[in-house]
Amino acid sequence: MGSDVWPLVHAERAALIEDLALLEDAQWDAPSLCEGWTVHDVAAHLVDTARATRLGFLLSMVRARFDFDRQNARGIARERGATPRETLARLRAAAPRTSTPPGPLGTRLVEEVVHGEDIRRPLGIEHAYDPEAVARALRTHLELGASMGGAKELAARVRFTATDADLAIGEGPEVRGSALALLLAASGRKAALSELDGPGTAELG
């Protein structure tokens, strides 16, 4: 997956910015699907990852003693504005960037799609994702190990079959659903489990 990923990433960033611009301030305080994070926290995290560089990420991990949770918390604290409008302005300014932490570029799609749903679903916002972006995000996520934030180990136990894309990955009992629902479930978002079926679904609960 090469640099052609960036138009997809930028399109998803732009769409999320449009949705965030319509929110009332109180909605920014709503819990997201990402456990322990509010909508505002997720938006700040997206600013942090959009601004991240390979060297900067490595240095921040060293400062966080290689603790991903601590590194993420520090990034949110750094990029979270005093108001939602300030955070939104930071996200808008960072959106065109093509810098990235270490790892495959496909992880940028995983980040945008999964965190986009972390924000949208609790608020009842629907978004028509680019099917190619979701399929590529799902493939990347299932091909990367847990140490890189992926779910390769899960795909060794469950076969993920997308009903809206030519994509089937994994071994074991099958779980079927849209590529988006599969991506969310493989990322630990239990809110998507009701959209899946097949004997492998039990492995995701």
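Taken together, 20, 33 contain a single residue that is under 14 Å from residue 87 (Cβ atoms), surrounded by 21 or more Cβ atoms within 10 Å (Cβ to Cβ) and not β-branched (Val, Ile, Thr), which is 20.
If only residues of the stretch 40-96 that are at pLDDT below 95 and among the hydroxyl-bearing types (Ser, Thr, Tyr) are counted, the one that is surrounded by the fewest Cβ atoms within 10 Å (Cβ to Cβ) is 53. The condition (being within 13 Å of the chain's Cα centre (by Cα), at pLDDT 95 or above and acidic (Asp, Glu)) is satisfied by just one residue among 117, 126, 132, 174: 117. Of all residue pairs spaced 6 or more apart or on separate chains, those with beta-carbon atoms under 7 Å, a first member in the stretch 103-131 that is closer than 14 Å to residue 186 by Cβ and a second member that is surrounded by 22 or more Cβ atoms within 10 Å (Cβ to Cβ) and of a type in the set (Asp, Glu) are 113/12.
Please tell me if residue 11 is in contact with a Ser or Thr (Cβ under 7 Å, 6 or more places away or on another chain) and either modelled with pLDDT of 95 or more or within 20 Å of residue 141 (Cα to Cα) (or both). When the stated conditions are applied, residue 11 does not pass them.
The values are calculated or read from the model by the stated rules, or taken from the named source; none is laboratory data. Small disclaimer: the values here were computed from a predicted structure and weren't measured. Every residue, glycine among them, receives a Cβ derived from its backbone with ideal geometry; neighbour counts consider all protein chains shown.
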